[in-house]
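*Asks:* Sharing a structure below in structure tokens format, with a few things to ask.
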């Protein structure tokens, strides 16, 4: 089989940081290649050089056996290379056809009927399911992703790079995407998938290429690979891939949420009558398609969202339901803290809400403790020790603990935030996508830390996007659909298919507390 892409001795540095070091590898025509590696291993940088976002410092790129120069995305597209990024680049108020039209060169005729016809032919060839006249804001996440793929195919791409394509898809949507990817492979397309989900790598890819610390480790045939063997290649040592799930003990009511409703700035009800209980010593998972109220649910409990009348979140500090129970609705985060409620929150927005990007690790640790003590001078000794501890235990890659966290990679920013919140000895811990962007090794470290908090008696609400992890890690799973509680299932007895259906099909009668 001939090579579609050959990389020869590719290197790329950013200042003193070496992102890619002397990488030589190939991508075959008509194959699905998965690209694996830990955070900071250089996967995205390497693909950004193929897609024209970066230019290599050293080395050579060959397309179809011929040396090429890719200095911008337009050069990449002219060579038949298209990249679908994790964050979609679409205009919400335009239809699918109109979004495709935005890609036309100046010399091309703007004819929506012709564009629609060509796009329809692409949909027919690869079995895409999408209404080309539907506006983007009316589309599901999977439909938006489909549109992004159609856009690069419309421009004639023979090599497609998909960045974390299943991150926010249900199992059913993932199966449909994989069927489309296989159709494209059968048509001679080369597809490169950047992903952290090893079970998906083994399901859909033909070969797997592994990077470690910016260097190329090797490429293996998927048929002879296992999750353990791939992880060992990524990390350089054996990693135990079992998620422990200790049985809850000393379980008692910690939070009682009743009729919780939130209306956003546009007047849309994003949470509608949410009712459920959270217990100490358990992990309650939250599943749902992205944008179904996960963010607003956690923020409302934390005092960061204005709620509708009759909304209630009652905190129980101990086993007794007595006068010490506290109503959290109507309280600010500072009020909640002053009440003695030890609530930790890992928000979805790392730098916008969780951390201050211009500050280093030490100062970000101080955000939790600067009001403590009686001295006019803030104590930096404790936060510095905590920063050093998190840097070591979670392997945070940073020039120093004083380096502004905005200069770190997304995965390392997440490690700083998770480490700080987990270390504050919470009674309630809420985490939204705590392992998003993290490599497999660090992800399992986070799962272990969650179980440590659980065994301490912490009540944990964990919003996740990987259903396999939710089912293996959590005790119960609450499924959100259209801002409503669409059912709570026993994670030990449920299946991905059951949860996937609850994520997409609103039930008329919902079980609020199981």
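*Asks:* Take segment 97-129 and flag every residue that is surrounded by 13 or more Cβ atoms within 10 Å (Cβ to Cβ) and touching a residue at least 60 places away in the same chain (Cβ under 8 Å).
*Replies:* 126 - this is the single residue of segment 97-129 that is surrounded by 13 or more Cβ atoms within 10 Å (Cβ to Cβ) and touching a residue at least 60 places away in the same chain (Cβ under 8 Å).
*Asks:* So in segment 168-177, with the set limited to residues that are surrounded by fewer than 19 Cβ atoms within 10 Å (Cβ to Cβ) and under 19 Å from the mean Cα position of the chain (by Cα), which one is nearest to residue 411 (Cα to Cα)? Before you say what the answer is, go through the steps one by one.
*Replies:* Going through segment 168-177, the residues surrounded by fewer than 19 Cβ atoms within 10 Å (Cβ to Cβ) turn out to be 171-172, 175-176.
Checking the rest, the ones that are also under 19 Å from the mean Cα position of the chain (by Cα) come to 171-172, 175.
On the way: 171: 24, 172: 27, 175: 27 Å.
In this case the residue turns out to be 171.
*Asks:* When only residues in segment 384-410 that are at pLDDT below 90 and assigned to a helix (DSSP H, G or I) count, which is nearest to residue 423 (Cα to Cα)?
*Replies:* The residue in question is 393.
*Asks:* Can I ask one more? Would you say residue 231 is within 22 Å of residue 450 (Cβ to Cβ), under 21 Å from the mean Cα position of the chain (by Cα) and in contact (Cβ under 8 Å) with a residue 40 or more places away in the chain? Talk me through it step by step, then tell me what you get.
*Replies:* On the way: within 22 Å of residue 450 (Cβ to Cβ): yes; under 21 Å from the mean Cα position of the chain (by Cα): yes; in contact (Cβ under 8 Å) with a residue 40 or more places away in the chain: yes.
Here the answer is yes, as residue 231 does meet what is asked.
*Asks:* Can I ask one more? Out of the residues in segment 43-77 that are at positive phi and surrounded by 14 or more Cβ atoms within 10 Å (Cβ to Cβ), which is farthest from the chain's Cα centre (by Cα)?
*Replies:* Ranking the qualifying residues of segment 43-77, first place goes to 64.
*Asks:* Test residue 292 against the stated conditions and say whether it is free of Cβ contacts under 8 Å to residues at least 24 places away in the same chain and in the same structural domain as residue 266 (by TED's automatic domain parsing).
*Replies:* No, not satisfied.
*Asks:* Given the conditions (1) more than 27 Å from the chain's Cα centre (by Cα); (2) surrounded by 15 or more Cβ atoms within 10 Å (Cβ to Cβ); (3) more than 30 Å from residue 134 (Cα to Cα), report the number of the one that residue 80 does not fulfil.
*Replies:* Of everything listed in (1) more than 27 Å from the chain's Cα centre (by Cα); (2) surrounded by 15 or more Cβ atoms within 10 Å (Cβ to Cβ); (3) more than 30 Å from residue 134 (Cα to Cα), residue 80 misses just condition (3).
*Asks:* Can I ask one more? Of the conditions (1) in contact with a helix residue (DSSP H, G or I) (Cβ under 7 Å, 6 or more places away or on another chain); (2) under 23 Å from residue 410 (Cβ atoms); (3) at pLDDT below 90, residue 369 satisfies every one except a single condition; which number is it?
*Replies:* In the conditions (1) in contact with a helix residue (DSSP H, G or I) (Cβ under 7 Å, 6 or more places away or on another chain); (2) under 23 Å from residue 410 (Cβ atoms); (3) at pLDDT below 90, residue 369 misses (2) alone.
*Asks:* A follow-up question, please. Scan segment 141-150 and give yes if some residue there is at pLDDT below 95, in contact with a helix residue (DSSP H, G or I) (Cβ under 6 Å, 6 or more places away or on another chain), not in a helix (DSSP H, G or I) and not assigned by TED's automatic domain parsing to the domain that holds residue 289, otherwise no.
*Replies:* No, because not a single residue in segment 141-150 is at pLDDT below 95, in contact with a helix residue (DSSP H, G or I) (Cβ under 6 Å, 6 or more places away or on another chain), not in a helix (DSSP H, G or I) and not assigned by TED's automatic domain parsing to the domain that holds residue 289.
*Asks:* Are there any helices (runs of 4 or more DSSP H) wholly within segment 418-514 with 3 or more residues that are touching a strand residue (DSSP E or B) at 6+ places or on another chain (Cβ under 7 Å) and over 21 Å from residue 293 (Cα atoms), and if so which?
*Replies:* In segment 418-514, 440-455 are the helices (runs of 4 or more DSSP H) which contain 3 or more residues that are touching a strand residue (DSSP E or B) at 6+ places or on another chain (Cβ under 7 Å) and over 21 Å from residue 293 (Cα atoms).
*Asks:* Go through the residues of segment 195-207 one by one and say whether even a single one is part of a strand (DSSP E or B) and either touching a strand residue (DSSP E or B) at 6+ places or on another chain (Cβ under 7 Å) or modelled with pLDDT under 90 (or both).
*Replies:* Taking every residue of segment 195-207 in turn, at least one turns out to be part of a strand (DSSP E or B) and either touching a strand residue (DSSP E or B) at 6+ places or on another chain (Cβ under 7 Å) or modelled with pLDDT under 90 (or both).
*Asks:* Taking the stated definitions as given, is residue 18 surrounded by fewer than 16 Cβ atoms within 10 Å (Cβ to Cβ) and either in the same structural domain as residue 201 (by TED's automatic domain parsing) or not in a loop (DSSP other than H, G, I, E, B) (or both)?
*Replies:* No, not satisfied.
*Asks:* Kindly establish whether residue 34 is in contact with a helix residue (DSSP H, G or I) (Cβ under 9 Å, 6 or more places away or on another chain) and either part of a loop (DSSP other than H, G, I, E, B) or on the phi > 0 side of the Ramachandran plot (or both).
*Replies:* Spelling it out, it is not the case that residue 34 is in contact with a helix residue (DSSP H, G or I) (Cβ under 9 Å, 6 or more places away or on another chain) and either part of a loop (DSSP other than H, G, I, E, B) or on the phi > 0 side of the Ramachandran plot (or both).
*Asks:* Shifting gears a bit: Buried (at least 17 other Cβ atoms within 10 Å of the Cβ) and within 21 Å of the chain's Cα centre (by Cα): is that true of residue 132 in this structure?
*Replies:* Details: buried (at least 17 other Cβ atoms within 10 Å of the Cβ): yes; within 21 Å of the chain's Cα centre (by Cα): no.
For residue 132, the condition - buried (at least 17 other Cβ atoms within 10 Å of the Cβ) and within 21 Å of the chain's Cα centre (by Cα) - is not met.
*Asks:* Given the condition within 21 Å of residue 86 (Cβ to Cβ) and modelled with pLDDT under 90, answer yes or no: does some residue in segment 481-498 qualify?
*Replies:* No: zero hits.
*Asks:* Same structure, new question: Taking segment 79-118 on its own, how many of its residues are within 29 Å of residue 67 (Cβ to Cβ) and part of a strand (DSSP E or B)?
*Replies:* Residues in segment 79-118 being within 29 Å of residue 67 (Cβ to Cβ) and part of a strand (DSSP E or B): 4 in total.
*Asks:* List pairs: first in segment 473-484 and at positive phi, second in a strand (DSSP E or B) and surrounded by fewer than 21 Cβ atoms within 10 Å (Cβ to Cβ), Cβ under 8 Å, 6+ apart or cross-chain?
*Replies:* From segment 473-484, the pairs are 482/272; 483/269; 483/270; 483/272.
*Asks:* How about segment 187-213: which of its residues are surrounded by 14 or more Cβ atoms within 10 Å (Cβ to Cβ) and over 22 Å from the mean Cα position of the chain (by Cα)?
*Replies:* 189, 190, 206, 207
*Asks:* Then there is this: Could you give me the residue pairs with C-beta distances under 8 Å whose first residue belongs to segment 438-465 and is in contact (Cβ under 8 Å) with a residue 40 or more places away in the chain and not assigned by TED's automatic domain parsing to the domain that holds residue 481, whose second residue is surrounded by 21 or more Cβ atoms within 10 Å (Cβ to Cβ) and in a loop (DSSP other than H, G, I, E, B) wherever it lies, and which are 6+ apart or on separate chains?
*Replies:* Hits for this filter: zero, empty list.
*Asks:* Filter segment 332-370 down to the residues that are out of contact with any strand residue (DSSP E or B) (no Cβ under 9 Å at 6 or more places or on another chain) and within 12 Å of residue 302 (Cβ to Cβ) and list them by number.
*Replies:* Within segment 332-370, 332, 334, 335 qualify.
The values are calculated or read from the model by the stated rules, or taken from the named source; none is laboratory data. The model shown is predicted, which means the values in this text are computed figures rather than measured ones. Cβ atoms come from the backbone with ideal geometry, glycine included; neighbour counts cover every protein chain shown.
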